[in-house]
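Structure record follows, encoded as structure tokens.
The values are calculated or read from the model by the stated rules, or taken from the named source; none is laboratory data. It should be emphasised that the depicted structure is a prediction, and the values quoted were computed from it without experimental measurement. Neighbour counts are summed over all protein chains in view; Cβ atoms, including those assigned to glycine, are modelled from backbone coordinates with ideal geometry. To get the accessible areas, we keep the full protein, side chains included, count just its heavy atoms, and leave off ligands, DNA and RNA. Shrake-Rupley method; radii C 1.70, N 1.55, O 1.52, S 1.80 Å.
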Amino acid sequence: MVRCHGAQCGYCTPGFIMAMAGLYECTSHPNAADVRAALTGNLCRCTGYEPIIKAALEATSQPKIEQLYP
């Protein structure tokens, strides 16, 4: 979130991070539509959603631990 400029005041950040974690656990290679659906219900009044979506796509593109350590 920080690297992609997806957090400003921090009020909404925990909800977005938890939604991203759930998306990461449940989806192999999410696209922007998947991210938007996963983040539904989280409101951001400071940043806007494009940096948050970019952060989610970057975070969910990382290999999962079970892929690193079979």
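Amide H to amide H, with H built 1.01 Å from N, N42 comes under 5 Å of no residue 5 or more places away or on another chain. In the elastic network of the chain, a GNM with C-alpha springs shorter than 10 Å, the most mobile of C44, C26, C12 is C26. Which of the following values of semi-axes √(5λ) of the Cα gyration tensor in Å was calculated from the structure shown: (1) 25, 14, 8; (2) 17, 15, 11; (3) 22, 12, 10? Correct label, based on the coordinates given: (3). Solvent exposure of the chain, expressed per residue, is 70 Å² of accessible area, with all protein chains present and a 1.4 angstrom probe.
Where the accessible area of the chain is counted over protein heavy atoms with a 1.4 Å probe, how much of it, in %, is carbon and sulfur? Answer for the chain: carbon and sulfur cover 59 percent of the accessible area. Largest GNM mean-square fluctuation across L43, L23, L57, computed for the chain with C-alpha springs under 10 Å, falls on L43. The residue list A33, G6, P63 was ranked by how far each Cα lies along the charge dipole of the chain toward its positive end, using unit charges on Cβ atoms, and G6 comes out on top.
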